[in-house]
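A short write-up of the structure that comes next.
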Amino acid sequence: MKIEWHDSYAIGNQEIDTQHRELFHKAIVLLEAKDKAGLTDAVMGFFQYVRDHFTHEEELMRHLKYPSINEHMQEHDDLVSGLNSIATGIAAETLDRNKLAVFLSDWLTDHIGHSDAKLAAYLKLQN
Ligand SMILES: [Fe+2]
């Protein structure tokens, strides 16, 4: 399971694309963390970045009255609750790294590849 940014994930909004690239980077840092302290730091860094990024996207969607905002925000919540369980697993030393890799990879490719791409198409129509 390899997590890697590809330019095909770009949705054409420069600010969001930069943030998405950073999300991939932070996911990789988390997957490569060596020990409990490293994992804890990495998951906290990822979590904070995710929340800032979601706030940015959600403000944009509200501003544009994006029709699919609720289902889009549901997917954001899914990542936030997934990260909460991951943090719990790290603290309890029960983290399954393979499951973590699958979860992050699936979320990033599904959400960015589909839901954010759909948002990008809507953004283009508004301009
Ligand atoms: Fe999103």
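The values are calculated or read from the model by the stated rules, or taken from the named source; none is laboratory data. As the structure is a computational prediction, the values presented were derived from the model and not from experiment. Neighbour counts are summed over all protein chains in view; Cβ atoms, including those assigned to glycine, are modelled from backbone coordinates with ideal geometry. Only protein heavy atoms, including side chains, enter the accessible area calculation; ligands, DNA and RNA are left aside. Shrake-Rupley method; radii C 1.70, N 1.55, O 1.52, S 1.80 Å.
Numbers below:
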{"read-out": "Over the chain: helical MRE at 222 nm, DSSP H runs n ≥ 4 each giving -39500 (n - 2.57), nearest 500", "value": "-25000 deg cm²/dmol"}
{"read-out": "Relative contact order computed over the chain (Cα-Cα under 8 Å; 6+ residues apart), in percent", "value": "36 percent"}
{"read-out": "Apportionment of accessible area to carbon and sulfur, the chain, percent (1.4 Å)", "value": "51 percent"}
{"read-out": "Span from the region 1-55 Cα centroid across to the region 81-127 one, whole angstrom", "value": "9 Å"}
{"read-out": "Hydrodynamic radius (Kirkwood) for region 13-126, which is based on Cα pairs only, to one decimal in Å", "value": "14.7 Å"}
{"read-out": "Whole-number accessible area per residue in Å² for the chain, which is evaluated in the context of all protein chains at 1.4 Å", "value": "58 Å²"}
{"read-out": "Cα radius of gyration and Dmax for region 30-90 (Å)", "value": "13.9, 43"}
{"read-out": "Dipole magnitude of the chain, debye to nearest 20 (Cβ charges: Lys/Arg +1, Asp/Glu -1, about Cα centre)", "value": "40 debye"}
